[in-house]
1. By count of other Cβ within 10 Å, fewest leading, how are PHE241, PHE277, PHE253 ordered?
2. At 7 Å along the Cα-to-beta-carbon direction for both ARG276 and ARG302, put a label point, then send me their distance in nm to one decimal.
3. Give me the percent relative contact order of the range 222-311, please, defined on Cα pairs under 8 angstrom at least 6 residues apart.
4. So what are the range 122-182's ellipsoid semi-axes, whole angstrom, largest first, if each one is the square root of 5 times an eigenvalue of the alpha-carbon gyration tensor?
5. Can you say what percent of the DSSP beta bridges in the range 141-275, counting only those with both residues inside, are antiparallel? Round to 5.
6. Once both labels are modelled 7 Å past Cα along the beta-carbon direction, what's the GLU54-ARG231 spacing in nm?
7. Rank-order 126-139, 281-294 by packing density, defined as the average count of other C-beta atoms within 10 Å over each peptide's residues, highest first.
8. How large is ³J(HN,Hα), in whole Hz, for each residue of the range 42-56 in order, when computed from phi with the Karplus curve 6.51 cos²θ - 1.76 cosθ + 1.60 and θ = phi - 60°, using x for Gly and Pro?
Amino acid sequence: MPKKVFITGASGCVGHYLIEMLLSKTDYELYLLVRDRNKLQISLSDRPNVHVIEDSMQNIGNYKDLLCTMEFVVSTAAAWGGEEAFVVNRDKTIELFSMLDPQVCERAIYFSTASILDSHNQIIPEAGQIGTPYIASKYACLETVENSIIRDRLITVFPTLVFGGASDKPYSHLSKGLKDILKYVPYARFLKADGSFHFVHAIDIAQVVTYLLTTHSDLQSPARLVLGMQRLTAQDLIAQFCEYLNLKVGWQFELTPFLVDTVIKLFRIEVAEWDRFCIAQRDFTYDVVSPETFGLVSKYPRLGNLLAEVK
């Protein structure tokens, strides 16, 4: 009998890549929870092993009997702001994992965010204290989920900056704004700033998750995997953008944290506490894993690979 996989947030950017990869590499039976089936851009009419459930995470309790039969669960669903963030990202996600049957469930994968971690992949208290509703709700959910009845088979993935999207897949928030970001590069190349980060493409996230759902691997329990490519500095970012646009990087004005703070005060710019924390921190780097960690090959290992597809 084919294994069953329940996927929430299936109509999102990562969801599309994951569905496509699971269909190409497995015979699994997929159960897709989506708020609007019309947002699914994958043709599923000739796929008897795919079941679309048109409903929201708010009603996840209605599917307890179905969830008890699942060998695998992948929870990518997220709300981005307001009270809905705590309902979906905390309450209903915790409810989802509490309804799994430990005698049946083989692996559960929960999508959190790298924003709640420090450089050693440990949770930062500030994420819960001053984080946006999205970040604070992810912070509030993690500890409970990691102590759920399926904690010994739970893997929490923490994507870094997510790119992705195509003509047949929805674009991530970052990919949607990439063309606009490029407009500012001719001016930004004259600025020098400290800071570093990681990025990951949705197809590489799908590669890792598919591997985790198809291969037995010994991971500490509960496992935390931060998904990202190699570290990029702010200067790397400017240099690669300029290379793509055939611009030279010449003299640069150093944008220090003190100067940024002075500008904020001088022009009375309203900055939330979490934003101030991020400005002060500057470096968002982690102990990351990528497809190469599992013997696979990243489709988008460098920023240049992303820029090559900008129309």
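1. PHE253, PHE277, PHE241
2. Result for the modelled spin labels: 4.1 nm.
3. Computed value for the range 222-311: 50 percent relative contact order.
4. Square roots of five times the eigenvalues give 29, 17, 9 Å.
5. Of the beta bridges lying entirely in the range 141-275, close to 25 percent run antiparallel.
6. My value for the distance between the label points is 4.8 nm.
7. 126-139, 281-294
8. Karplus values, whole Hz, x for Gly and Pro: 9, 6, 10, 4, 9, 10, x, 8, 10, 10, 9, 10, 8, 6, 10.
Each reported figure results from applying straightforward, stated rules to the coordinates on display, with no laboratory input. Keep in mind that what you see is a predicted model, and the values were worked out from it rather than measured. Cβ sites come from the backbone with ideal geometry, for glycine too, and all protein chains shown count toward neighbours.
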